[in-house]
1. For region 205-276, with the dipole built from +1 on Lys and Arg beta-carbon atoms and -1 on Asp and Glu ones, taken about the Cα centre, which of Val223, Gln244, Leu261 lies farthest toward the positive end?
2. Taking square-rooted eigenvalues a ≥ b ≥ c of the alpha carbon gyration tensor, is region 48-203 rounded, prolate or oblate, where a/c under 1.5 means rounded and, failing that, a/b exceeding b/c means prolate?
3. What whole-number volume per residue, in cubic angstrom, does the convex hull of the C-alpha atoms of region 292-448 give?
4. Would you please name the GluC sites (Glu not before Pro) within region 205-277 that are DSSP coil residues with at most 11 other C-beta atoms within 10 Å of their C-beta?
5. Among residues other than Glu249 whose Cβ falls under 13 Å from its Cβ, what is the net charge (Lys/Arg +1, Asp/Glu -1)?
6. In region 400-448, how does Rg compare with the Kirkwood Rh, expressed as the Rg/Rh ratio over alpha carbon atoms?
7. For labels at Asp289 and Arg320 in the simple 7 Å Cα→Cβ model, what's the distance in nm?
8. What helices in the chain pass both tests, a Cα length along the helix axis of 20 Å or more and a mean Kyte hydropathy of 0.0 or higher, using whole DSSP H runs?
Amino acid sequence: MCAARSTARSRWLPSRSPEPLVKFPVHLGYRALAQLARGAAVVAPPSESKLFRALRARRGIRGRYRRWAEAERDRQRPLLWMHAPSVGEGLQARPVLELARARRPELQLAYTHFSPSAAAFARSLDVDFRDYLPFDTPGDARIALDALSPTALVFSKLDVWPVITREARARGVRLGLISATLSRGSSRRSRTAGAVLRDAYAALEAVGAIDDSDADRLVQLGVRPQAISVTGDTRYDQVWLRAQRVDRESPLLQRLQSARLTLVAGSTWPADETVLLPAFETLRSAGVDLRLVIAPHEPTPQHVTNIVEWARQSKFSLARLDDSSASAADVVVVDRMGVLGDIYSIADLAYVGGGFHSAGLHSVLEPASYGAPVLFGPRHENSRDAVLLGQRGGGVSVANATDLARRLRGWATDVTARREAANYARGLVRSGVGAAERSFELVERLLR
């Protein structure tokens, strides 16, 4: 990964701002939607839907911020507010928060998220305040800023909110963005998104881009060239450190250890399983002694049951995660969340889900950090990490079940090829370590 360096270049010319005739009605529409969401939170019914959960979780949010401020906010201490919408962005924020806690003990730390899926992750962080991001309305923004009184507000990856950004800037709050990346096909590059977001990106004082191409695209989004440096992706530090710290003697991993070759399939969707499961059957029929540990992205009872029924019909021995027979089973179903990052440590080979699904590919860095060659589906064009893995020989994209079976067989039966791919995968992650340090230096500049 690149060391921090200025990326302001003469070739970056400021792009034309959206015409006022477009910008004004789009802003009005955005504000109306934000107010509509605030009203919807009051009437949102109990539901497992992420949308309804996100709305209901924001009931009483103004009061929660105010109560924390009254009881916990020390106005004599600077406060760093970091926002990361979901778990992936939270993993990028975590190394910087940990450095801030260790090196700046006088700081108070606040962490906000958008998605309900990040609530459990937020509870794992060593921060003084954690909650959902309020609605992006002037009223909510002012109450949150009054309560937290931040010295700096730093966003993770790309998720910059225009109203909160405007209100924060008006109060002199320093604004930043870490591990910033923008794919070529991002909807944020559209004319409508530009009308809403350009001013917010232009207000950022310090932006750490993952690489040069991201920096180029961020300037097109509105970020000032002089605000950008290339600092890398802090997720590399996160996954590398986790791989070094994993407890291989834990009861969970001890139950799963086996002398047999192990394929760990993580964050799979049904679309992945229509390719993965037939490929596994093909290999077993061909005499390849491979076992499968599969962790569905959403381990709902129905999703788990579908995999269990397939294994039974295919006459594979089966175990759930906590069964004592897991080490001997042909197929192990991971029926709970939060453990996949450790389970990748037992993988000889890994399959990462999402590449056959419209939601996009999940993280390939976790298995790569343990030295597992990684396979994934064709929809990976927005995953920089998957592209790099493919270029460096640590991962391969597959088109269908036949292709997957062929690739798996090659690595399963050729020890030398498997070890080379494992070294390439691990080497990619190792090369990115250091981004957290560079990103923390960027944040520190905002706190001075």
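The values are calculated or read from the model by the stated rules, or taken from the named source; none is laboratory data. Just so it is clear, the structure is predicted and the values come from calculations on it, not from any experiment. When we count neighbours, we look across all protein chains shown, and the Cβ atoms used for this are built from the backbone with ideal geometry, even at glycine. Side chains are part of the model used for accessible areas, which takes the heavy atoms of the whole protein and leaves out ligands, DNA and RNA. Shrake-Rupley method; radii C 1.70, N 1.55, O 1.52, S 1.80 Å.
1. Among Val223, Gln244, Leu261, the one farthest towards the positive end of the dipole of region 205-276 is Leu261.
2. rounded
3. So the per-residue Cα hull volume is 149 Å³.
4. For GluC sites (Glu not before Pro) across region 205-277 that sit outside H, G, I, E and B with at most 11 neighbouring Cβ atoms in 10 Å, the list reads Glu249.
5. Computed value for this residue: +1.
6. Numbers: Rg = 19.1 Å, Rh = 13.8 Å.
Here the Rg-to-Rh quotient is 1.38.
7. 2.9 nm
8. Working: long enough: 20-43 (35 Å, 0.79); 87-103 (24 Å, -0.07); 270-285 (22 Å, 0.10); 415-431 (24 Å, -0.52).
The qualifying helices are 20-43, 270-285.
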